[in-house]
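Take a look at the structure set out below.
The values are calculated or read from the model by the stated rules, or taken from the named source; none is laboratory data. Everything quoted here is computed from the prediction, not taken from an experiment. In this analysis, Cβ positions are derived from the backbone assuming ideal geometry, glycine residues included, and neighbour counts consider all displayed protein chains.
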Amino acid sequence: MMNEQPKINLLLCDTFPGQLPPNIPSYASMFGDLFHSVSESVVFEVFPVMKGVFPPKLNQEELYLITGSNSSVYDKEPWILELLQWIRNAATLHIKLVGICFGHQAIAQALGGNVQRYAGGWGVGIRESFILDGVMRPYFSDGYLRLLYNHHDQVSKLPADAVIIAQSSFCQYEGFRIGNYILTFQGHPEYTPEYELYLLNNHAQHEDEEVKKEAVLSIKNLRHQGTVIAQFIIHFYHLE
């Protein structure tokens, strides 16, 4: 898209009530902060799809980003079923889509893939994954992607025509791409290390202590590359 104000439509799948620190006004604001850090010209419109509010029309010049959520894509909630159908409709028209965590899983589920609770447990902290797709590799000099994670579900089967973009020992499908119009990531580029530590310290009381310790160490030892992903998304979709 070559106009002065590229637009990202944010399909908000959760607001995470009670899980945001005082310095973060809303979950949606985290995406605004992320993308504005690499492109001040991007404008946003937010659609709370978990309340049944979807974009009234589809525009092939705009980007539609499906966010994270505490829900699971295999839940039979009406808004999730509507979202899956919306994704199928958008994909048929080759609308520009990005899926983040739950959004990544929702796109997979909608287009013929499968999502399951992962038997290996909770994925949290900064995880390193090997980049498999040559389209992404130029953005990462050492061939590895490092993102913050917070998930129990994983994609267990990809949609037809999907290309794996990254893989780790913990997660087989860290993200995928379909042509030049669908791009997904299991990780959270919009998260910050400070926010992840806040979640670990305040909203993970029932999680495994050893997993939490390892997550804290990963945040101290690895650099989160959320801004690199935001830059890649903007360049991939020609939003500048």
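Conditions first: (1) touching a helix residue (DSSP H, G or I) at 6+ places or on another chain (Cβ under 6 Å); (2) part of a strand (DSSP E or B). ILE8 passes all but one, so which condition is the exception? Answer for ILE8: the failing condition is (1).
When the range 166-191 is examined, which residues are found to be in contact with a His (Cβ under 7 Å, 6 or more places away or on another chain) and polar (S, T, N, Q)? The answer is THR184, GLN186. I'd like to know if the range 199-218 contains one or more residues that are touching a residue at least 24 places away in the same chain (Cβ under 8 Å) and in contact with a Pro (Cβ under 7 Å, 6 or more places away or on another chain). Within the range 199-218 (the criterion being touching a residue at least 24 places away in the same chain (Cβ under 8 Å) and in contact with a Pro (Cβ under 7 Å, 6 or more places away or on another chain)), the answer is no, since none of the residues qualifies. Of everything in the range 119-135 that's in contact (Cβ under 8 Å) with a residue 40 or more places away in the chain and not hydrophobic (A, V, I, L, M, F, W, C), which residue is farthest from ASN221 (Cα to Cα)? Looking at residues that are in contact (Cβ under 8 Å) with a residue 40 or more places away in the chain and not hydrophobic (A, V, I, L, M, F, W, C), I get ASP133.
For the range 115-123, the criterion of being in contact with a strand residue (DSSP E or B) (Cβ under 9 Å, 6 or more places away or on another chain), of a type in the set (Phe, Trp, Tyr), modelled with pLDDT of 95 or more and farther than 18 Å from THR227 by Cα is met by at least one residue. Selection of the range 23-76 for residues being polar (S, T, N, Q) and either assigned to a loop (DSSP other than H, G, I, E, B) or on the phi > 0 side of the Ramachandran plot (or both) yields ASN23, SER26, SER37, SER39, SER41, ASN59, GLN60, THR67, SER69, ASN70, SER71, SER72. With the condition kept exactly as written, say whether any residue in the range 177-193 is of a type in the set (Ser, Thr, Tyr) and in a helix (DSSP H, G or I). The answer is no, given that none of the residues of the range 177-193 is of a type in the set (Ser, Thr, Tyr) and in a helix (DSSP H, G or I). Scanning the range 90-121 for residues that are out of contact with any helix residue (DSSP H, G or I) (no Cβ under 7 Å at 6 or more places or on another chain) and under 20 Å from LYS57 (Cα atoms), we see that the one that is surrounded by the fewest Cβ atoms within 10 Å (Cβ to Cβ) is THR92. GLU196 meets each of the listed conditions (1) farther than 30 Å from GLY113 by Cα; (2) assigned to a helix (DSSP H, G or I); (3) acidic (Asp, Glu) apart from (1).
If only residues of the range 22-46 that are among the hydrophobic types (A, V, I, L, M, F, W, C) and within 28 Å of ASN202 (Cα to Cα) are counted, the one that is farthest from the chain's Cα centre (by Cα) is ILE24. Does the range 140-158 contain at least one residue that is among the small types (Gly, Ala, Ser), more than 17 Å from the chain's Cα centre (by Cα) and at pLDDT below 95? For the range 140-158, residues among the small types (Gly, Ala, Ser), more than 17 Å from the chain's Cα centre (by Cα) and at pLDDT below 95: present.
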